[in-house]
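> Could you have a look at this structure, given as structure tokens, before my questions?
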Amino acid sequence: MGNYTEEINRRRTFAIISHPDAGKTTLTEKFLLYGGAINLAGSVKGKATARHAVSDWMEIEKERGISVTSSVLQFEYDGYCINILDTPGHQDFSEDTYRTLMAADSAVMVIDAGKGVEAQTRKLFKVCVMRNIPIFTFINKMDRDANDTFELLDDIEKELGIATCPVNWPIGSGKGFKGVYDREKKCVIAYSNTEKGTREGTATEIPVNDEDSLRELIGAEAADRLLEEIELLDGASAEFNLEMVRAGKLTPVCFGSALTNFGVEIFLKHFLNMTTAPLPRRADIGIIEPAENDFSAFVFKIQANMNKAHRDRVAFMRICSGKFDADMEVRHVQGGRVMRLSQPQQIMADERKLLNEAYAGDIIGVFDPGIFSIGDTLCMPKEKFMYEGIPTFAPEHFARVRQVDTMKRKQFVKGIEQIAQEGAIQIFQEFNTGLEEIIVGVVGVLQFDVLKYRLENEYNVEIRLEKLPYEHIRWIENKEEVDIEKLNGTSDMKKVKDMKGNPLLLFVNSWSIGMTLDRNKGLVLAEFGRN
């Protein structure tokens, strides 16, 4: 057993979740700035000369200025080694986003102060709740006009069903934004716009009980309002409780502006104090502790054709325990083979660096000759166990897919199956027909564009998509006990099967699900599939 406890304990692995345009990419960029991973943060959209955020690399992403795939960024800060899993924030995100949350130990939720909780945030939040992962909230864009602060907190509590505990409190917003009040230090940190694209910047701190200086700094009206709000806040908000935070029942909230770089480092410091080192994971032989076990990992994402020049596939894995060494042999449990992992690398946007070692909490990419699947476990040759499977999430949009040139059937099937293996799409067939009819299900409609774009560019196959009206899908949990042929469904129900032959039901209306359950006693339907 190597002495790698110290390395593991300084790891922090988290995902950033948000609705589109809440400022997630800008926040990520500022984190990297503090970690010295980049020297100058440039606004992501805007001038052609502005530096692109390092986490967007796929051609289609560069064209649209959005993140389609999840990137992994690693940087050092204040003695910690931080792994950020950047999830796509576009409304047309994919199942990839959900899966990324399976590899994280906590989540940072970015909310636009002018909009509050939005649809995308709700979906991602559900997955965090399912896994009980701690959620830390950054309310962004305080330099613009914001909603009432109490209303924003109320919105989080009502919409997401999680208690909030403000770590700091904003003083005004937009043109009237004066800074934040730090509840623990009981002082006001004045807003300054000097830190825009660099790490330097001066922060003025004034104790809140020094009322004269406070009035001078932020004005009498803002000072009176702040003192009133602090009194209200101390009486109304949830007490800070680290155990509840770590159980995913309470979210600490910070306010700031990622664009002007105010409040970002304050948030990062609070976050690192509250979050934990890599957490134990559940396997079929019990709980695997990160520092007490030898190397093990699971695959949570597969990305093909990351490099145009080489037709390659990279399997991303989260290391769950021990230390990984580039020369070591490992067991691929599902594949039943012992092997060396080829070209282990850490990927920062389109830059890759080969690595010799990595530790529990880290994310590594390895060359995949087509043998890995999402959810696969890797461990030491002498061991044999499997981590819990990653759920298959319910697609919300469906389309029938046909290739334009029937002579290219082989490339079409190969391309669509490979993209499905990556988990960006799910493919189904009509219940009683062959592979002629392929139905594709996606979590976000942008994935249809990605599918079309990739089949044309990578497999030289043109397709036609015919959108279908279905919006709800259910897996049949007790398929052995049910005669699928004789199911008494609704008129808007369609029976399909996945590539493994499992039966599924598609519905146009959500109320049809309840009716189908009522009509078929004993039928058990599930929102998530099991891998």
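> Within region 374-387, identify whether any single residue is open to solvent by 10 Å² or more (accessible area, probe 1.4 Å) and in contact with a helix residue (DSSP H, G or I) (Cβ under 8 Å, 6 or more places away or on another chain), and answer yes or no.
There is at least one residue in region 374-387 that is open to solvent by 10 Å² or more (accessible area, probe 1.4 Å) and in contact with a helix residue (DSSP H, G or I) (Cβ under 8 Å, 6 or more places away or on another chain).
> Can you say whether GLY415 is under 23 Å from the mean Cα position of the chain (by Cα) and either under 19 Å from ILE374 (Cα atoms) or of a type in the set (Gly, Ala, Ser) (or both), as far as the supplied structure shows?
Values: under 23 Å from the mean Cα position of the chain (by Cα): no; either under 19 Å from ILE374 (Cα atoms) or of a type in the set (Gly, Ala, Ser) (or both): yes.
No, not satisfied.
> Where the second residue is of a type in the set (A, V, I, L, M) and open to solvent by less than 80 Å² (accessible area, probe 1.4 Å) and the first is farther than 18 Å from LYS175 by Cα and lies in region 210-225, which pairs have Cβ atoms under 7 Å and are six or more apart or on separate chains?
What qualifies is GLU211/ALA223; SER213/ILE206; LEU214/VAL188; LEU214/ILE206; LEU214/VAL208; LEU214/ALA223.
> Name the residues in region 498-526 that are closer than 30 Å to VAL413 by Cα and open to solvent by less than 50 Å² (accessible area, probe 1.4 Å), would you? Steps first, answer last, please.
In the first step, residues of region 498-526 are kept if they are closer than 30 Å to VAL413 by Cα; the result is 498-508, 525-526.
Those that are closer than 30 Å to VAL413 by Cα and open to solvent by less than 50 Å² (accessible area, probe 1.4 Å): ASP498, GLY501, ASN502, PRO503, LEU504, LEU505, LEU506, PHE507, VAL508, LEU525, ALA526.
> Out of LEU232, LEU214, which single residue is part of a helix (DSSP H, G or I), open to solvent by less than 80 Å² (accessible area, probe 1.4 Å), over 26 Å from ALA22 (Cα atoms) and of a type outside the set (D, E, K, R)? Full working, then the answer.
Values: LEU232 fails: open to solvent by less than 80 Å² (accessible area, probe 1.4 Å).
Checking each option against the conditions leaves just LEU214.
> Sort through ARG464, ARG454 and tell me the only one that's touching a Lys or Arg at 6+ places or on another chain (Cβ under 7 Å) and within 22 Å of GLN411 (Cβ to Cβ). Quick ask: steps written out before the conclusion?
Working: ARG454 fails: touching a Lys or Arg at 6+ places or on another chain (Cβ under 7 Å).
Selected residue: ARG464, the only one of ARG464, ARG454 that is touching a Lys or Arg at 6+ places or on another chain (Cβ under 7 Å) and within 22 Å of GLN411 (Cβ to Cβ).
> Moving on to the next point. So is VAL330 over 24 Å from the mean Cα position of the chain (by Cα) and buried (at least 21 other Cβ atoms within 10 Å of the Cβ) or not? Show your work before the answer.
Numbers: over 24 Å from the mean Cα position of the chain (by Cα): yes; buried (at least 21 other Cβ atoms within 10 Å of the Cβ): yes.
So VAL330 fits the description; yes.
> Looking at region 145-166, which of its residues are farther than 15 Å from LEU232 by Cβ, among the hydrophobic types (A, V, I, L, M, F, W, C) and surrounded by fewer than 18 Cβ atoms within 10 Å (Cβ to Cβ)? Give the steps one after another, and end with the answer.
The first filter runs over region 145-166 and keeps only residues farther than 15 Å from LEU232 by Cβ, leaving 145-147, 155-163.
Filter again for among the hydrophobic types (A, V, I, L, M, F, W, C), leaving 146, 156, 160, 162-163.
Answer for region 145-166, where residues must be farther than 15 Å from LEU232 by Cβ, among the hydrophobic types (A, V, I, L, M, F, W, C) and surrounded by fewer than 18 Cβ atoms within 10 Å (Cβ to Cβ): just ALA163.
> I would also like to ask the following. State which residue pairs qualify: first residue of a type in the set (Ser, Thr, Tyr) and inside region 467-488, second residue in a loop (DSSP other than H, G, I, E, B) and open to solvent by 30 Å² or more (accessible area, probe 1.4 Å) in any location, beta carbons under 6 Å apart, and separation of 6 or more residues or different chains.
Qualifying pairs under 6 Å: TYR470/VAL508.
> Restricting to region 115-146, name every residue that is out of contact with any Asp or Glu (no Cβ under 7 Å at 6 or more places or on another chain) and charged (D, E, K, R).
LYS115, GLU118, LYS123, LYS126, ARG131, ASP143, ARG144, ASP145 - these are the residues of region 115-146 that are out of contact with any Asp or Glu (no Cβ under 7 Å at 6 or more places or on another chain) and charged (D, E, K, R).
> Just one of the numbered conditions (1) free of Cβ contacts under 8 Å to residues at least 12 places away in the same chain; (2) within 27 Å of THR25 (Cβ to Cβ) is not true of MET339; which one?
(2)
Conditions (1) over 30 Å from the mean Cα position of the chain (by Cα); (2) in a strand (DSSP E or B); (3) modelled with pLDDT of 90 or more, marked per residue:
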{"position": "ILE139", "(1), (2), (3)": "no, yes, yes"}
{"position": "LEU152", "(1), (2), (3)": "no, no, yes"}
{"position": "SER192", "(1), (2), (3)": "yes, no, no"}
{"position": "GLU228", "(1), (2), (3)": "yes, no, yes"}
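> Kindly list, by first and then second residue, each pair from a residue in region 266-290 that is closer than 18 Å to GLU243 by Cβ to a residue that is open to solvent by less than 70 Å² (accessible area, probe 1.4 Å) and part of a helix (DSSP H, G or I), limited to pairs with Cβ atoms under 7 Å and residues at least 6 apart or on different chains.
Listed pairs, sorted by first residue: MET274/LEU242; MET274/VAL245; ALA277/ILE8.
> Just to be sure, is TYR470 aromatic (Phe, Trp, Tyr), closer than 29 Å to MET130 by Cα and open to solvent by less than 50 Å² (accessible area, probe 1.4 Å)? Reasoning before the result, please.
On the way: aromatic (Phe, Trp, Tyr): yes; closer than 29 Å to MET130 by Cα: yes; open to solvent by less than 50 Å² (accessible area, probe 1.4 Å): yes.
Here the answer is yes, as TYR470 does meet what is asked.
Residues are listed down the side, and each one gets a yes or a no for (1) in a helix (DSSP H, G or I); (2) modelled with pLDDT under 90:
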{"position": "GLY444", "(1), (2)": "no, yes"}
{"position": "ASP449", "(1), (2)": "yes, yes"}
{"position": "LYS452", "(1), (2)": "yes, no"}
{"position": "ASN457", "(1), (2)": "yes, yes"}
{"position": "VAL461", "(1), (2)": "no, no"}
{"position": "LEU465", "(1), (2)": "no, no"}
{"position": "TYR470", "(1), (2)": "no, no"}
{"position": "LYS500", "(1), (2)": "no, yes"}
{"position": "LEU504", "(1), (2)": "no, no"}
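> LYS175 is checked against (1) over 19 Å from PHE267 (Cα atoms); (2) in contact with a Ser or Thr (Cβ under 9 Å, 6 or more places away or on another chain); (3) modelled with pLDDT of 90 or more and fails just one. What number does that condition carry?
Status for LYS175: all satisfied but (2).
> Right, next: Tell me, which residue of region 194-218 that is under 24 Å from LYS30 (Cα atoms) and small (Gly, Ala, Ser) is modelled with the highest pLDDT? Reasoning before the result, please.
We begin by selecting, within region 194-218, every residue under 24 Å from LYS30 (Cα atoms); these are 194-205.
Within this subset, residues satisfying the condition of being small (Gly, Ala, Ser) are 197, 201, 203.
Working: GLY197: 51, GLY201: 56, ALA203: 71.
Ranking the candidates gives ALA203 first.
The values are calculated or read from the model by the stated rules, or taken from the named source; none is laboratory data. Not measured: the values here are computed from a predicted model. Methodologically, a virtual Cβ is constructed for each residue, glycine included, from the backbone with ideal geometry; neighbour enumeration extends over all protein chains shown. Please note that ligands, DNA and RNA were not included when accessible areas were found on the heavy atoms of the full protein model with its side chains. Shrake-Rupley method; radii C 1.70, N 1.55, O 1.52, S 1.80 Å.
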